[in-house]
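A.B. asks: Take this structure, written in structure tokens, and hold onto it; I'll ask about it next.
The values are calculated or read from the model by the stated rules, or taken from the named source; none is laboratory data. What you see is a predicted model, and the numbers here were worked out from it, not measured in a lab. Don't worry about glycine lacking a Cβ; one is built from the backbone with ideal geometry, like all the others, and counts go over all protein chains shown. These area figures cover heavy atoms from the full protein model, side chains too; ligands, DNA and RNA do not enter into them. Shrake-Rupley method; radii C 1.70, N 1.55, O 1.52, S 1.80 Å.
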Amino acid sequence: MNSDTETAGFAGGTSGSEPVVLYDEVDTVAFITLNRPERMNTLTESVIAGVADGIDRATASREVRSIVLRGNGPTLTAGYDLNPGGGSGGSAEELYDSWDSPYSAPGPKPREGAWDPVRDWQFMGYNVKRFMKIWECPKPVLGQIHGWAIGGATDMVLCCDLLFMASDAHIGYAPSRIYGTPTTMMWVYRLGLEHAKQFLLSGDAIDAETAHRIGLVAYVHPPDELSDQVAAFARRLAHIPANQLALNKLLVNQAFENMGLRTSQLLGTFFDGVTRHTEEAYRWVEDFDTKGFRQVIAERDAPHGDYGERPR
């Protein structure tokens with residue numbers, strides 16, 4: 001076994017002088033760490049590619065028996081980076097035109113104001129395929145949630161096998177209020193009908209106590225103990241044969257596949273594009289230029305008193 005730590009960045013992206021995703025192997029555990037703390041670990045093409053590459057590397061490693069997905073800095077991830085320049089923010093088209101992905105260039109450039117639904121579906125579907133590497137990985141993947149996991153972050157982290165949450169952390173799909181639907185659509189399969197509707201219709205932020213009560217996360221720990229507790233659980237899995245872990249994970253996952261998971265993801269990914277191209281969505285994005293990105297987000301959440309508008 002490898003008792004040393006191996007570190008590598010993925011996807012060629014950097015955050016300052018550091019890769020945007022770090023990969024470490026410590027004995028039997030692979031750690032995949034989002035590393036854009038100055039940007040709240042928001043998701044970009046390089047970050048998503050780095051996570052997918054990390055899962056592939058851990059899957060291929062003979063030493064690795066389990067994987068931990070985590071983030072550097074004050075939060076796991078605040079979702080997609082809708083404000084990459086730090087200014088007024090941008091439309092979905094501007095985002096995927098700027099991302100280095102297989103779907104950023106094919107075909108003619110859409111005319112001004114036009115939406116190409118196939119291009120949009122292919123672009124977001126490519127992200128879903130990479131998030132689902134977590135689900136499909138034969139080794140257990142543990143999600144370590146501290147700070148916040150918001151919006152598109154949940155499309156990724158809910159693909160993990162078990163979720164561990166800091167007692168002061170929050171998770172939620174704020175784009176339910178405008179500009180999105182969950183693409184991996186894990187919410188309904190992890191929560192069931194009533195709670196899935198409760199939090200997807202409202203977009204409400206979910207605190208750790210509630211997340212544990214409704215079965216969204218497996219464990220809640222004090223913030224200063226979270227990392228050690230996740231690592232200890234991951235190391236314990238090394239005492240179970242790898243084929244047992246792989247088969248039990250596949251068996252559980254297959255039950256949810258049979259319930260229609262992939263069909264829900266197809267619809268969720270397509271509907272996500274639809275929600276970003278309604279008249280309300282166009283006006284919402286236009287407000288980024290007139291009011292500023294942060295003000296628009298604040299106005300979205302103020303009636304609900306959560307996320308950035310949560311009472312201090």
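A.B. asks: Return the residue satisfying two criteria in turn: it lies in region 155-174 and is assigned to a helix (DSSP H, G or I) and touching a residue at least 40 places away in the same chain (Cβ under 8 Å), and of such residues it is nearest to the chain's Cα centre (by Cα).
C.D. replies: Residue satisfying both the conditions and the ranking: MET156.
A.B. asks: For ARG312, work out the one condition from (1) open to solvent by less than 90 Å² (accessible area, probe 1.4 Å); (2) closer than 22 Å to ILE150 by Cα it doesn't fulfil.
C.D. replies: (1)
A.B. asks: Sticking with this one: Residues in region 116-135: is at least one modelled with pLDDT under 95, surrounded by fewer than 24 Cβ atoms within 10 Å (Cβ to Cβ) and assigned to a loop (DSSP other than H, G, I, E, B)?
C.D. replies: Taking every residue of region 116-135 in turn, at least one turns out to be modelled with pLDDT under 95, surrounded by fewer than 24 Cβ atoms within 10 Å (Cβ to Cβ) and assigned to a loop (DSSP other than H, G, I, E, B).
A.B. asks: When the residues of region 289-312 are narrowed to those that are within 27 Å of ARG190 (Cα to Cα) and touching a residue at least 40 places away in the same chain (Cβ under 8 Å), which ends up nearest to the chain's Cα centre (by Cα)?
C.D. replies: TYR307
A.B. asks: Kindly list the number of the only condition in (1) open to solvent by 70 Å² or more (accessible area, probe 1.4 Å); (2) under 22 Å from MET156 (Cα atoms) that fails for PHE233.
C.D. replies: (1)
A.B. asks: Starting from region 272-288, take each residue that is of a type in the set (A, V, I, L, M, F, W, C) and list its partners that are open to solvent by less than 30 Å² (accessible area, probe 1.4 Å), counting only C-beta distances under 7 angstrom and pairs at least six apart or across chains.
C.D. replies: ALA281/TYR179; TRP284/TYR179; TRP284/VAL296; VAL285/SER91; PHE288/GLY89; PHE288/VAL296
A.B. asks: Tell me which residues, restricted to region 258-277, are within 19 Å of ALA114 (Cα to Cα) and touching a helix residue (DSSP H, G or I) at 6+ places or on another chain (Cβ under 9 Å).
C.D. replies: Selection gives THR269, PHE270, ASP272, GLY273, VAL274, THR275, ARG276, HIS277.
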